[in-house]
Amino acid sequence: MKNSRAPSIGEYLIQQLYAHGVRHVFGIPGDYVLGFYDLLSKSKLRLINTCDEQGAGFAADAYARVRGLGAVCVTYCVGGLKLANTTAEAFAEKSPVVVISGAPGMKEREKNPLLHHKVREFDTQKKVFEQLTIASTVLSDPQTAFQEIDRVLHAALRFKRPVYIELPRDVVGVPGIPHHKTPELHERSDPRSLREALGEAEQMINAARRPVILADVEVHRFGLQDQLLKLARKTNIPVAATVLGKSVIGEHHPFYLGIYEGAMGRDDVRQYVERSDCVILLGAFMTDINLGIYTARLDPARSIYATSEKLSIRYHTYEDVRFKDFIHGLLRQHLRVRRLGKIPRPAQIAPRSALRTPRSPRPISVQRLFERLNAFLTDSTVVVADVGDALFGAADLFIRESTEFISPAYYTSMGFAVPASIGAQLANPKLRPLVLVGDGAFQMTGMELATVARNKLNPVVVLLNNRGYGTERHLQDGPYNDVWPWKYHRLPEILGAGRGFVVETEEDLDRALTEAEQWTRSFCLLEVRLAKLDRSPALDRLAARLARRL
Ligand SMILES: Cc1ncc(C[n+]2csc(CCOP(=O)(O)OP(=O)(O)O)c2C)c(N)n1
Ligand SMILES: [Mg+2]
């Protein structure tokens, strides 16, 4: 540190966020966090005000997914507790979000007065976040504050999970200890354990007749997409992805099978994976939705299961092997090069010209909608899918080399997509988000389009309007699945920004997408009016297969 003055605790936190690649902080101010907001607004980080804290939380989550680390900053309890849901999602789906909350000063806490926003005790909010994060701290002691910041940020990066930092308002400007050296984040595998694991993996893969890789979200989180590609190229072992892991690999590669999601996915992919004598699960979450609502049939005796938390090969478990080291190591092993036989492939996408022809006055269906959207994707699209048929249908979208795909496919909290598109685009301004969102989910967080407008972002928002909670209707219907019919396409009038389109026919869709492609100044909102009980082929497949089983 050139300057002999130690930075203040607030300054150090900002420095460290910046050092780890954060450039934007999402949130809403309040008196307990005003001092830190002032520091932030004078720093190299940009503050992004959202309409609601939940919006800020989802935006920070998507930001973390695209950029490697995200941050959200709010006031005590009234703001912080609104982030419980988004932090839970970030935890469940492994997204490293730093939650920063202002709080009453340490001096104010003496004698336990009843200050505004306090719930039960001063540490009530901290206790809630202990359950939702991988590490948490209250920066109450200037002597340890810098170390504490280092500790929790490293935990976020090591485990790709959210962390919680509480900043009592009277410590923000207090200097920490001078001459603090930020430790490097170094995590090494136990070399013997790694060697043995790689040896067993090599043997099992080489002995297998028909191995297959099942790639999931951690490949994305740990930035191992290139290594995965190299592994597949080098060995010709086919690769399937899960829904949560969708976009870990370009879907045009000859060895790419498609999405494996148990009975919800394509049958040929399911059979290929489940009949394999060696399934190499990389960074996979064994979740129900990811694996087709308990319809996946994967046998541990025929699996290599590698994640950041666990490595097991058949029934052997190896301790202290880092996920990254295992994948890098696999690339160095002597894996047999195979002939790429005939494998199932995703349906080829229609050429872009098909987007415009033929014009048809037929009412738009979910299936046609997704077919057309396929032709709308480019290398600079980031698809952000909300829960409901937006997500099920999106599983069949054909993701090109570097198209990103973001969705809450495991935790499945509605209302993710619109705010997430803000985080995704700020994290990488070269991307234009394609937001897929149901009308029910849109009514939860769609007002964040105001934040979109304020920050001059330009997502194309495709709103699947089936007049209610369509997915739920197929399980059990009732008036509780209806929502009030907004005139969604007129929101741009209220917001004074963006363009709205009503889509009732295939022809309308062609026209709207063509215009949206050209109109990049602000957001486009396509209200796609669907039949109430229409559903995507993916949902159809699931229903059909479950019915057969009953
Ligand atoms: C925050 C939240 N509340 C409730 C649910 C339960 N839920 C799952 S899907 C769904 C309906 C979604 O409706 P919509 O967004 O219109 O999509 P659709 O199913 O109609 O395609 C509901 C209520 C949820 N997943 N998340
Ligand atoms: Mg709906």
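The values are calculated or read from the model by the stated rules, or taken from the named source; none is laboratory data. What you see is a predicted model; the values in this text were computed from it and never measured. All Cβ positions, even for glycine, are placed from backbone atoms using ideal geometry, and neighbour counts span all protein chains on display. Calculation scope for accessible area: heavy atoms of the full protein, side chains included, ligands and nucleic acids excluded. Shrake-Rupley method; radii C 1.70, N 1.55, O 1.52, S 1.80 Å.
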### Message
Taking the condition of being near ligand 1 (Cβ under 8 Å from one of its atoms) and either in contact with a His (Cβ under 9 Å, 6 or more places away or on another chain) or modelled with pLDDT under 95 (or both), how many residues in the stretch 455-473 meet it?
### Response
4
### Query
Name the residues in the stretch 1-51 that are acidic (Asp, Glu) and closer than 26 Å to LEU157 by Cα, would you?
GLU11
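Could you run through the stretch 171-184 and say how many residues are hydroxyl-bearing (Ser, Thr, Tyr) and open to solvent by less than 20 Å² (accessible area, probe 1.4 Å)? Break it down stepwise before answering.
Looking only at the stretch 171-184, we keep the residues that are hydroxyl-bearing (Ser, Thr, Tyr), and these are 182.
Checking the rest, the ones that are also open to solvent by less than 20 Å² (accessible area, probe 1.4 Å) come to none.
Total meeting the criteria: 0.
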### Message
Out of everything in the stretch 334-374 that is within 16 Å of ASP508 (Cβ to Cβ) and of a type in the set (A, V, I, L, M), what residue ends up being modelled with the lowest pLDDT?
### Response
LEU355
### Message
Name the residue that is farthest from the chain's Cα centre (by Cα), counting only residues in the stretch 451-501 that are more than 16 Å from ligand 2 (Cβ to nearest atom) and β-branched (Val, Ile, Thr).
### Response
ILE494
### Task
Please note which helices (runs of 4 or more DSSP H) are completely contained in the stretch 386-450 and include at least 1 residues that are more than 16 Å from ligand 2 (Cβ to nearest atom) and surrounded by fewer than 24 Cβ atoms within 10 Å (Cβ to Cβ).
417-427
### Message
Condition check: touching a Leu at 6+ places or on another chain (Cβ under 7 Å) and closer than 13 Å to VAL98 by Cβ. Does ILE134 satisfy that?
### Response
no
### Task
Kindly indicate whether any position in the stretch 96-105 is open to solvent by less than 10 Å² (accessible area, probe 1.4 Å), within 19 Å of PRO433 (Cα to Cα) and either in contact with a helix residue (DSSP H, G or I) (Cβ under 8 Å, 6 or more places away or on another chain) or among the acidic types (Asp, Glu) (or both).
no
### Query
Could you count how many residues in the stretch 379-391 are within 8 Å of ligand 1 (Cβ to nearest atom) and more than 18 Å from ASP61 (Cβ to Cβ)?
2
### Query
For the stretch 455-499, which residues satisfy the criterion of being open to solvent by 40 Å² or more (accessible area, probe 1.4 Å) and aliphatic (A, V, I, L, M)?
LEU475, ILE494, LEU495
### Summary
Flagged in the stretch 207-251 as over 16 Å from ARG400 (Cβ atoms), over 15 Å from the mean Cα position of the chain (by Cα) and assigned to a loop (DSSP other than H, G, I, E, B), in numbering order, are ALA208, ARG209, ARG210, LEU224, ASN236, ILE237, PRO238
### Message
Step by step: first the residues of the stretch 375-385, then only those that are of a type outside the set (A, V, I, L, M) and either part of a strand (DSSP E or B) or open to solvent by 20 Å² or more (accessible area, probe 1.4 Å) (or both), then the one that is farthest from ligand 2 (Cβ to nearest atom). Which residue is that?
### Response
ASP379
### Task
Check the stretch 83-96 and report whether any residue there is over 19 Å from the mean Cα position of the chain (by Cα) and among the hydrophobic types (A, V, I, L, M, F, W, C).
no
#### Entry: Unmet criterion (only one of (1) surrounded by fewer than 16 Cβ atoms within 10 Å (Cβ to Cβ); (2) within 12 Å of ligand 2 (Cβ to nearest atom); (3) acidic (Asp, Glu)) for GLU515
(2)
### Task
Residues being open to solvent by less than 10 Å² (accessible area, probe 1.4 Å), in a helix (DSSP H, G or I) and not small (Gly, Ala, Ser): count how many of those fall in the stretch 151-167.
2
### Task
State all residues of the stretch 123-132 that are open to solvent by 10 Å² or more (accessible area, probe 1.4 Å) and either small (Gly, Ala, Ser) or in contact (Cβ under 8 Å) with a residue 40 or more places away in the chain (or both); if no residue qualifies, say none.
THR124, LYS126, VAL128, LEU132
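Each row is one residue, and each column tells you yes or no for (1) free of Cβ contacts under 8 Å to residues at least 24 places away in the same chain; (2) open to solvent by 70 Å² or more (accessible area, probe 1.4 Å).
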position: HIS117; (1), (2): no, no
position: ARG120; (1), (2): yes, yes
position: ARG169; (1), (2): no, yes
position: HIS186; (1), (2): yes, yes
### Task
Assess whether ARG499 counts as being away from ligand 1 (no atom under 16 Å from the Cβ), of a type in the set (D, E, K, R) and free of Cβ contacts under 8 Å to residues at least 12 places away in the same chain.
no
### Task
Need at least 3 residues that are open to solvent by less than 10 Å² (accessible area, probe 1.4 Å) per element, so show me which helices (runs of 4 or more DSSP H) inside the stretch 1-91 make the cut, counting only ones lying wholly within it.
9-19, 53-67
